[in-house]
Amino acid sequence: MSAHPKTTIRIASKSLRVPFLLQRILSSGLPFKGLMCYAVEEAQFLSSLGFDDLLIAYPSQQLSDYRILRDLHDHQKKTVSIVVDHPKSINELNDYMKGISRPFPVILEFDVSFRALGGRIHIGARRSPIRTIAQLIEMIEFIQQLPYLHLEGLMVYESHIAGLGDTNPNHFWLNPLIRYVKRMSMSRIQQLRREMKQLCSKYGLNLLNGGGTGSLMAALEETTVLTEITIGSGFFQPHLFDHYQQNQAMINHFHSTFVPSCYFALPVVRISDEGEWVTCAGGGYVASGRPGWDKVPLPVFQVG
Ligand SMILES: Cc1ncc(COP(=O)(O)O)c(C=O)c1O
């Protein structure tokens, strides 16, 4: 995988959930560095297995989580950080970290969802109340005056682009519109991230994170801006990614095609309509984001 020498690829452990695979990827010699976790207890578990550089991408307001974070950072001396987005919970975290030997690292999330008509049209996960550069500057300055937190950087995850197929035969009439919205949205995000890079220099922030497998090719255009790109589910190549316009570019870039690599077997527990329908006992991974058939496991290898 070729990226700008300064840009590293963080692995989304929440998308893989197999410690052995995380280890295998991190030790491949390619520019992979650090894990992105979904939850504080997940980071604690991975830390107990020897993993380090754990960025928790989802805020928490639980005291039990704060206790774990403090222990990982202050006693175990792990490199751990958590995403924050709201002054109320930021203040609570700061209060909890009172007396800590080094300020606790936090990452501020900026919401880059596609919005039009003053927010009446909203496409994307509502990841943060921070949606303008002015709000971002206000929050950076707010965090930087807190004694027990250290603002490490910014998270700018284009989830609505990464998670949405744009050559999907199941909704072929929507594809041109999806591609249009993705194009408009991505160029706005790239412009915003360029402005954020300048803010990072001005305020001494070390990290600017974007990504998602589904927008990897666009993010790779920004390797002079992003310090890291996070990917996870792409390592399994789920069928979610079958219908993305970027696929050919990925094949050209990596000189490789991609094959699905996560399978599971389920027992048939009912045969209600012989030869037509069976019911299997549940199992498998469901992709995050808007629920839909593109996110659930796809039957393959059926016999009979
Ligand atoms: C903030 C963030 N960035 C990047 C990713 C990586 O996405 P993917 O697993 O689709 O590559 C995730 C995973 O959900 C995420 O939560």
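Observations on the model:
- Under 5 Å between amide hydrogens, built in the peptide plane, is the criterion, and for A12 it picks out M36, I231, G232 among residues at least 5 positions away or on other chains.
- Carbon and sulfur %, accessible surface of the stretch 188-304 computed with the full protein complex present, 1.4 Å: 57 percent
- Taking every C-alpha pair closer than 8 Å and separated by at least 6 residues, the mean separation divided by the residue count of the chain gives a relative contact order of 15 percent.
- For the stretch 123-208, the per residue solvent-accessible surface stands at 50 Å², with DNA, RNA and ligands left out and a 1.4 Å probe.
- Cα-centre dipole for the stretch 40-168 with unit charges at Cβ (Lys and Arg positive, Asp and Glu negative), debye to 20: 240 debye
- With a simple spin-label model that places each label point 7 Å from the Cα along the Cα-to-Cβ direction, the separation between T224 and S89 comes to 3.6 nm.
- Farthest towards the positive end of the charge dipole of the stretch 8-254, among the residues S64, V225, V181, is the Cα of V181, using unit charges on the Cβ of Lys, Arg, Asp and Glu.
- For the chain, the residue among H73, N209, A125 whose Cα projects farthest onto the positive side of the dipole built from Cβ charges is N209.
- At R0 = 22 Å, FRET efficiency that the Cβ-Cβ distance of H239 and D53 yields, to 0.05: 0.10
- Additional length obtainable on full extension of the chain from N247 to E276, 0.36 nm per residue less Cα span: 7.1 nm
- Accessible area ranking (1.4 Å probe, heavy atoms, ligands and nucleic acids excluded), largest first, for H75, H150, H239: H75, H150, H239.
- Annotation for the stretch 214-272 versus the stretch 1-77: alpha-carbon center distance of 20 Å.
- Each Lys and Arg Cβ is given +1 and each Asp and Glu Cβ -1; about its Cα centre, the chain then shows a dipole of about 540 debye.
- Surface accessible to a 1.4 Å probe, M139 within the full protein complex, Å²: 20 Å²
- Whole-number accessible area per residue in Å² for the stretch 265-304, which is evaluated in the context of all protein chains at 1.4 Å: 89 Å²
- Above-threshold pairs, the threshold being 23 Å between Cα atoms, out of K88/K295; K14/K202; K88/K182; K78/K98; K6/K33: K88/K295; K14/K202; K88/K182
- Relative packing of 228-237, 288-297, 116-125, which averages over residues the other C-beta atoms within 10 Å, highest first: 228-237, 288-297, 116-125
- Averaged over residues, the count of other Cβ atoms within 10 Å places the peptides 51-61, 265-275 in the sequence 51-61, 265-275, highest first.
The values are calculated or read from the model by the stated rules, or taken from the named source; none is laboratory data. These numbers come from a predicted model, not from an experiment. Neighbour counts are summed over all protein chains in view; Cβ atoms, including those assigned to glycine, are modelled from backbone coordinates with ideal geometry. SASA here: full protein model, heavy atoms, side chains in, ligands and nucleic acids out. Shrake-Rupley method; radii C 1.70, N 1.55, O 1.52, S 1.80 Å.
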